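What follows is a single structure, written as C-alpha cells, with notes after it.
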Amino acid sequence: MSGTTGPRVLLRRLREAMAEKSESQARLDEVVHLIAQNMVAEVCSIYLMQPSDELELYATEGLKPSAVHKTRLKVGTGLVGDIAAHARPLNLSDAQAHPNFAFRPETGEEIYKSLMGVPILRSGRVAGVLVVQNRTMRHYSEEEVEALETIAMVLAELAAASDLISSDDETADAAAQQPLYLEGTSLSGGIALGHVVLHEPRVHVTRLIAEDEAIESERLEKAVYELRSSIDKMLTTSDLSHAGEHREVLQATRMFANDRGWLKRMLEAVKTGLTAEAAVERVQNDTRARMMRQTDPYLRDRLHDLDDLANRLLRHLTGVALSSASGALPEDAIIVARNMGPAELLDYDKDRLRGLVLEEGSANAHVAIVARALGIAAIGRANDIPERVEDGDAIIVDGDTGELYVRPSQDIVEAYSEKARFRARRQAQYKAIRHEPSVTLDGAKVELNVNAGLMVDLPHLEESGADGIGLFRTELQFMIASKLPSQREQVELYGDVMKSAGDRPVVFRTLDIGGDKMLPYMQKAEEENPALGWRAIRIALDRPALLRHQVRALLTAAVGRDLHLMFPMVAEVSEYERARALVDKELARLDQHGRDKPRSVAVGTMLEVPALFWQMDALLPKVDFISIGSNDLIQFLFASDRGNPRVAHRYDLLSPGALNFLRQVVLVCARHKVPLSLCGEMAGSPLEAMALLGLGLRKISMSPAAIGPVKMMVRSLNVSELEAFMEDLYTRPDASVREALQGYADAQGVAI
Ligand code: PEP
Ligand code: MG
C-alpha cells in the first residue's frame, strides 16, 4: 500500500472518525478524505445499496459534491454497478476503456483515468461499493486491492454499527421477525412446539481492528492448528459422534482446513490490520461472494462446508463452545443443525429435547434412527435452515408431514397446541391400557412386541407395556459407532438389553448390514442394486469371523437366560443351515471348555426373501421360529424399492397379493407347528395389524409408539368374525382391499 501511513494506522483513524459524535454525513466525508489521502488517490467515493437495488453516491472526495445523493447506478450498470453485480473488485489503469464504463456528467469524473473499486460486503451480501480514482493511468497493486477490501469490510461493520446505513443485520432482523414456513421430509413422526437451539452456536465478530499484528497472526496460526487437530481427532478416535455420512463431510472439511492457500489469505488479511477473527470473516466473505456467483450446485453446496469451517475456526478463536449440547437448554429445545452424527444428538439432555431439524439428513441417516428411538419429531431437507433461524425463535415441527413453522403466527400456534393436546389425550388413553391384556373381544391372545436396536430404545419396552422385544436390530449399534464394536463391548450391550428386558423375551437379529445400512468404517462396495446385493446373511457367511464374534458375544451375554436369535435375508435353506452350524459349533465349544451357557437357545430366521417361502417344507423342521420381515418381503414381492418415494407406495400392503402370500405363510407354519411372528413396519399401523390378525397371525412386533394404538384395536376386535370376513378378500381382483377392511372396522366399531 502506498502512502506514508500504513493500513493499520488508517483503520484506526477510520474507527476514530466513525466514532465521532458529528452528523453522519460529516463522518462519511471524513472517511473518504482519510482513505483518499492514505491511498494517494485524487478520488475516493462510497456508494451504498438502496432498497431499489440502486447504488447511490453517499460521499466523495474528488468528485463534484453536488453529485452526492444524486448519482445513482443500477446494479450491473457502469463500473460501480459491475463491481456490485459480480461482488468482486475491479482494478483498471484505463477505466474509460472498459466496456461497462458509463459516463455520469454530474460527477465530473471524465478527468480520472484509473479506477480501483471493491464491493462493501456484509455477510457475503453487497452493501455498497468503495472506489478510488486517479488522474494518471495508475496501476494499483494487488496489495492495494487487498488493503481497499479490508477497508471496505471495516467500513461496512462500522457503518452498520453506527446506524449510518441500514445494515444487513437490520434487513436480516426484519426477515428474522417474519414467520417462515418450510416443507422438508419427515425423519421421525410426532409434533413438537418449542424453541430453536442452534447446534453450532453462531459467533459474532465485534473486534475488527488489531492492536498488534504479531499477536493476531500468532492467534490465527494457533487456532488453525487446533482446528486441524480437532478434525483429525474426530476422524480417528473412537468418538462415536461422527459416523456415517457425517464422516464424509468431515473429510471434506479436513481437506479444506489443510489448504495452505486458506491460511495464507487469512494471514495476509491480518497484515492489513485486522484481528484474527476479522481476517477469518474477511476471507470467508470473499469466498462466499465468489461461491454465490457459481451456478454449479455442487460448488455452491461446498460453500456450506466452507462456512462451517470458518465458523469452527471462529469458535476456536473466541472460545465459544463447539456444540450447544453442553450449554443451558430451554425446556422445549428443538435442535437446528446442518447435519449431525447420532451420538451428537445423544449428547443433549433427553428431558429437554423436543425436536430436531436438519438441513441435510435422510430417513436412513443414523441421526434419524436415533431421533426415532428418542421419540422426538424430526425433519430433514429443510433448506438453509441454520441461516434462517436465530437461537430462541419459536418453532413448530410437524414430524408427521415434514412441515416446519418458524416464528409461527398465533393461529398456527393454537392449531398445533390443540393437535398436541389431542395427542396427549390419546397417549393418556394408551397409557391407561398399558397393563391391560392384549386380548380380542372373542378371547384370542395377541402378543405385541417392540422393535429396538439402541440403548435409548429400552425404556420404551416398559413404557409401552409390550410383551417383549420382537426384533432387536443389532446393526444399529454398529452403525452409530465409528469403529467395529469389540466382542467385549457387544457382550456388555447385549447383556444390558437382556437385563433391562427382565423376564420378557428378546429376539436378537444378527447383523443386517449392507444395502442401505452401511457401516462408516467398512469399505463401501459399489453396487448397482444394493438392496439385492452383498448384504446381511450373505456378508455373514462370506466373512464368518464377524458372525462368529457376534454369536459368541450373544451366547456369553445370555448365560443363564433364554436366547432367541435369528438371521436376516436368508434366501435358501442351506444359508440357514450354515449359519446355524456356526451357532452349534460355538455352543459345542462352550461345552468343551466347560463354560456356562444360556438356559436355552432358540434359533430362527427371518422370512424376507420370497424364494424362501417355496422351501418352507424343507426349512421349517430345522428352525425354532420364523419372523416375517414385511418391509423387505413386500418390496421384493412387488419389485418396488421401499426407499424410493416414487414407487415405495405404488403397491398396497393391503392388496390381495400381499395378504394371500402372508396367509400361505401362516398356514404352512401352522402345519409344521412352528411359531411365527411379523416384525416389519406393517404391524405398527392399526388397520394393517388388524388384517394380519384376520389372516391368522397372533404375534407381531412394531415401533414402541404403535403399541398403544394397536392394543386399542386388538381389544375392540372380534377376530374370528374378521377371519370369516376376510375369506372373500383373498381372491378379489382389486389392487387393494383397504377400503373393504376399513369399512369392516368402521361397521364393527374396531378402534383404528
Ligand atoms: C423387514 O425387512 O421387514 C425388517 C424388519 O428388517 P429391516 O427393516 O431392518 O430391514
Ligand atoms: Mg429387512
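The values are calculated or read from the model by the stated rules, or taken from the named source; none is laboratory data. Bear in mind the structure is a predicted one, so any value in this text is a computation, not a measurement. Positions of Cβ are backbone-derived with ideal geometry, glycine not excepted, and every protein chain shown enters the neighbour counts. Side chains are part of the model used for accessible areas, which takes the heavy atoms of the whole protein and leaves out ligands, DNA and RNA. Shrake-Rupley method; radii C 1.70, N 1.55, O 1.52, S 1.80 Å.
Could we say that residue 387 is open to solvent by less than 50 Å² (accessible area, probe 1.4 Å) and charged (D, E, K, R) here? In short, no. Residue check: residue 473 meets all listed conditions (1) open to solvent by less than 40 Å² (accessible area, probe 1.4 Å); (2) within 16 Å of ligand 2 (Cβ to nearest atom) but one, namely (1).
Of the strands (runs of 3 or more DSSP E) that lie entirely inside the range 357-467, those containing 1 or more residues that are more than 30 Å from residue 180 (Cα to Cα) and modelled with pLDDT of 95 or more span 447-452. A search for C-beta distances below 8 Å between a residue of the range 680-695 that is at pLDDT below 95 and open to solvent by 10 Å² or more (accessible area, probe 1.4 Å) and any residue that is away from ligand 2 (no atom under 16 Å from the Cβ) and not polar (S, T, N, Q), counting only pairs 6+ apart in sequence or on different chains, returns 684/705; 684/706; 684/710; 685/706.
With respect to residue 432, determine if the residue is free of Cβ contacts under 8 Å to residues at least 40 places away in the same chain, outside the structural domain of residue 346 (by TED's automatic domain parsing) and farther than 14 Å from residue 706 by Cα. Criteria met by residue 432. Take residue 560 and tell me if it is assigned by TED's automatic domain parsing to the domain that holds residue 605, in contact (Cβ under 8 Å) with a residue 24 or more places away in the chain, open to solvent by 20 Å² or more (accessible area, probe 1.4 Å) and among the small types (Gly, Ala, Ser). So residue 560 fits the description; yes. Checking each residue in the range 638-648 for being within 13 Å of ligand 2 (Cβ to nearest atom) and within 18 Å of residue 660 (Cβ to Cβ) picks out no residue at all. Within the range 135-154, the set of residues being open to solvent by less than 10 Å² (accessible area, probe 1.4 Å) and under 18 Å from residue 61 (Cα atoms) comprises 148, 151, 152.
Condition (residue is closer than 16 Å to residue 713 by Cα and within 30 Å of the chain's Cα centre (by Cα)) applied to the range 421-436: is it met by at least one residue? Yes, the range 421-436 contains at least one residue that is closer than 16 Å to residue 713 by Cα and within 30 Å of the chain's Cα centre (by Cα).
If I ask for residues that are within 16 Å of ligand 2 (Cβ to nearest atom) and not β-branched (Val, Ile, Thr), which ones from the range 679-726 would you list? Across the range 679-726, the qualifying residues are 679, 680, 681, 682, 683, 684, 701, 702, 703. Among the candidates 466, 536, the residue that is within 30 Å of residue 708 (Cβ to Cβ), touching a Pro at 6+ places or on another chain (Cβ under 8 Å), of a type in the set (A, V, I, L, M) and in the same structural domain as residue 631 (by TED's automatic domain parsing) is uniquely 466. The set of residues in the range 524-547 being under 20 Å from residue 643 (Cβ atoms) and not in a helix (DSSP H, G or I) consists of 524, 525, 526, 527, 528, 529, 533, 534, 535, 536. Cβ-Cβ contacts under 8 Å between residues 6 or more apart (or on different chains), taken from a first residue in the range 632-651 that is in a loop (DSSP other than H, G, I, E, B) to a second residue that is aromatic (Phe, Trp, Tyr) and more than 10 Å from ligand 1 (Cβ to nearest atom), are listed as 640/651; 650/638; 651/638.
Cβ contacts < 7 Å: first residue of a type in the set (Lys, Arg), restricted to the range 617-630; second residue modelled with pLDDT of 95 or more and open to solvent by 50 Å² or more (accessible area, probe 1.4 Å), any location; separation 6+ or different chain. Result? Hits for this filter: 622/577. In the range 584-594, is there at least one residue being under 30 Å from residue 647 (Cα atoms) and surrounded by 16 or more Cβ atoms within 10 Å (Cβ to Cβ)? Taking every residue of the range 584-594 in turn, none turns out to be under 30 Å from residue 647 (Cα atoms) and surrounded by 16 or more Cβ atoms within 10 Å (Cβ to Cβ). Going through the range 488-516 one residue at a time, which ones are open to solvent by 30 Å² or more (accessible area, probe 1.4 Å), within 30 Å of residue 467 (Cβ to Cβ) and either part of a helix (DSSP H, G or I) or in contact (Cβ under 8 Å) with a residue 40 or more places away in the chain (or both)? Answer for the range 488-516, where residues must be open to solvent by 30 Å² or more (accessible area, probe 1.4 Å), within 30 Å of residue 467 (Cβ to Cβ) and either part of a helix (DSSP H, G or I) or in contact (Cβ under 8 Å) with a residue 40 or more places away in the chain (or both): 489, 491, 492, 496, 499, 500, 504, 505, 516. Would you tally the residues in the range 490-517 being more than 15 Å from ligand 2 (Cβ to nearest atom) and under 16 Å from residue 478 (Cβ atoms)? Total meeting the criteria: 7. In the range 610-628, the qualifying residues are those that are crowded, with 22+ Cβ neighbours inside 10 Å and either near ligand 1 (Cβ under 10 Å from one of its atoms) or of a type outside the set (Val, Ile, Thr) (or both), and the one that is farthest from residue 551 (Cα to Cα) is 612. For the subset of the range 604-625 comprising residues that are in a loop (DSSP other than H, G, I, E, B) and aliphatic (A, V, I, L, M), which member is farthest from ligand 2 (Cβ to nearest atom)? Within the range 604-625, the match that is farthest from ligand 2 (Cβ to nearest atom) is 623.
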